[in-house]
Amino acid sequence: MAYDQTSATAPGLAARLDTELREAHPSTILRTAHEHFGDKLALVSSFGAESAVLLHLASRVSPAIPVLFLDTGMLFGQTLDYRKNLAARFGLTDVRDLRPAFADLATQDPNSDLWRTSVDGCCHIRKVLPLDRALGGFDAWITGRKRFHGGDRLSLPVVEEADGKIKFNPLANWSKGELDAYVAEHDLPAHPLVAQGYASIGCWPCTQPSEDGRSGRWAGQEKTECGIHVARAPGVAPNVGGDI
């Protein structure tokens, strides 16, 4: 069933779907999202430490779902290799590499060292703006966020509205144990850096090995999110900035 934009507001639709899917299996959530939005649905993935589960689930619904990958220019080489390997293994046919605009880099980060003085500004031009541009052609998107990540994600809904679009969080209810069990059941390959102690993987300047969750991201700072999941006015850099 396609989503009729004239029949409901985005907040109203998000609330209804969240009620219907609150206890649903991630596969059911993904199928419902695809049935409602079709080619107006995208999946955003960091191809990080926990990304294989959602990508595998989505590939079983439709390997043609557009997958938006933020290639910030600051990623580990292992992440770029992992992106290619997972796309090939799962048969994903529409992985789109999103890169920062040349003009933004030239004017705001010409020496690629903005992260030293403003991690928020760096995330803004390398993640927030490229994703905003790419999402302009979609009505809904899928994220890999989970409640066990903690922080603001503890109350994460399965379906929500943000900036006029519907966001699906199919893994919101799953625990780390459930993720690990799915990986083992389907023999999914791990990100190469996991074996080196990286529990959460983003850009190399702001990622450290860590034993638990996302504590290795922006270590020593109050920042916990990269900004793509923060409501904001157009063109305004967020003041918080993690994993997709």
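The values are calculated or read from the model by the stated rules, or taken from the named source; none is laboratory data. Keep in mind that what you see is a predicted model, and the values were worked out from it rather than measured. Here Cβ is always computed from backbone atoms with ideal geometry, including for glycine, and neighbour counts include all displayed protein chains. The accessibility values were calculated without ligands, DNA or RNA, using every heavy atom of the protein model including side chains. Shrake-Rupley method; radii C 1.70, N 1.55, O 1.52, S 1.80 Å.
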Dipole of the range 77-203 (Lys/Arg Cβ +1, Asp/Glu Cβ -1, origin at the Cα centre): which of Leu86, Ala134, Asn169 lies farthest to the positive side? Leu86
Using a basic spin-label model with each label point 7 Å from the Cα along Cα→Cβ, how many nm lie between Ser27 and Arg89? 1.9
Would you grab the residues whose amide H sits under 5 Å from the one on Asp94? Only those 5+ places off in sequence or on another chain, please, with H modelled 1.01 Å from N. Val67
Applying a 10 Å radius around every beta-carbon, put 175-183, 85-93 in order of their mean neighbour count, most first. 85-93, 175-183
Between the modelled labels at Ser175 and Arg116 (7 Å from Cα along Cα→Cβ) the distance in nm is 4.5
Could you point to the residue in Thr143, Pro157, Ser118 farthest towards the positive end of the range 113-187's charge dipole, with +1 and -1 charges on the Cβ of Lys/Arg and Asp/Glu respectively? Ser118
How many percent of the accessible area of the range 23-171 is carbon or sulfur, using a 1.4 Å probe? 48
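Quick one: net charge of Ala15's neighbours, Cβ under 15 Å, K/R +1, D/E -1?
Once all neighbours under 15 Å are counted, the net charge is 0.
Which value, in debye to the nearest 20, describes the size of the charge dipole of the range 62-183 about its Cα centre when Lys and Arg Cβ atoms bear +1, Asp and Glu Cβ atoms bear -1, and nothing else is charged? Could the numbers behind the result be given before it?
Values: 16 positive and 16 negative charges, 59 e Å.
It works out to roughly 280 debye.
Can you compute the charge dipole magnitude of the range 1-113 about its Cα centre, using +1 on each Lys and Arg Cβ and -1 on each Asp and Glu Cβ, nothing else charged? Give it in debye, rounded to the nearest 20. Mind showing how you got there, number by number?
On the way: 10 positive and 14 negative charges, 72 e Å.
About 340 debye.
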Inter-part distance where the range 33-89 and the range 113-131 are each reduced to a Cα centre, Å: 22
